[in-house]
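*Asks:* Quick one: structure below, then a few questions.
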Amino acid sequence: QLVESGGGLVQSGDSLCLSCAASGRISSNFSMGWFRQAPGKERKFVAAISWSGQTLYTDSVKGRFTISRDNAKNTVDLQMNSLKPEDTAVYYCAARSSGSVHYIPSGYAYWGQGTQVTVSS
């Protein structure tokens, strides 16, 4: 299971930290990712982290978002700074049994329910 938390309504330029707690068969040697889906649009890659800490980001969030993980707690965080209205979306945490980073949604077998992030201008 994956459970996201930390979403909310903020203003442009504000920060939010999303957290994802993994349990069950999702262990710390899984790679984890964050995706987002705006209304009427496809689910898109945001960031990913391997079991060893290698990270990957989509270009639009580089320098603003940071993905990190705590393998002891089996959690993954997404620190989002300098938020923009175009960051508004439902954010999903995902996990895959391969330890390498991956940016395609179909490569992830496990998904959370999502958490809404709304950035007002």
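The values are calculated or read from the model by the stated rules, or taken from the named source; none is laboratory data. Here the structure is a predicted model, which is why all the values come from computation and not from measurement. Backbone-built Cβ (ideal geometry, glycine too); neighbour counts: all protein chains shown. Calculation scope for accessible area: heavy atoms of the full protein, side chains included, ligands and nucleic acids excluded. Shrake-Rupley method; radii C 1.70, N 1.55, O 1.52, S 1.80 Å.
*Asks:* Across the range 81-120, what is the total count of residues that are small (Gly, Ala, Ser), touching a residue at least 40 places away in the same chain (Cβ under 8 Å) and either surrounded by fewer than 17 Cβ atoms within 10 Å (Cβ to Cβ) or closer than 14 Å to Arg64 by Cβ (or both)?
*Replies:* Residues that pass the stated criteria total 6.
*Asks:* If you check Asp77 against the conditions, is it open to solvent by 40 Å² or more (accessible area, probe 1.4 Å), more than 10 Å from Gly33 (Cβ to Cβ) and in contact with a Cys (Cβ under 7 Å, 6 or more places away or on another chain)?
*Replies:* Yes: the conditions hold for Asp77.
*Asks:* Taking the range 1-21, which residues are over 25 Å from Lys73 (Cβ atoms) and assigned to a loop (DSSP other than H, G, I, E, B)?
*Replies:* Ser12, Gly13, Asp14
*Asks:* For the range 63-79, give me the residue count where each residue is assigned to a strand (DSSP E or B) and either under 18 Å from Trp111 (Cα atoms) or touching a Ser or Thr at 6+ places or on another chain (Cβ under 6 Å) (or both).
*Replies:* 8
*Asks:* Next question, about the same structure. Determine the pairs where a residue that is over 18 Å from Asn74 (Cβ atoms) and part of a loop (DSSP other than H, G, I, E, B), located within the range 41-62, has a partner that is open to solvent by 80 Å² or more (accessible area, probe 1.4 Å) and of a type in the set (Phe, Trp, Tyr) with Cβ atoms under 9 Å apart, the partner being 6 or more residues away or on another chain.
*Replies:* Thr58/Tyr103
*Asks:* Looking only at the range 8-53, count how many residues are in contact with a Gly (Cβ under 9 Å, 6 or more places away or on another chain), modelled with pLDDT under 95 and open to solvent by 30 Å² or more (accessible area, probe 1.4 Å).
*Replies:* Total meeting the criteria: 3.
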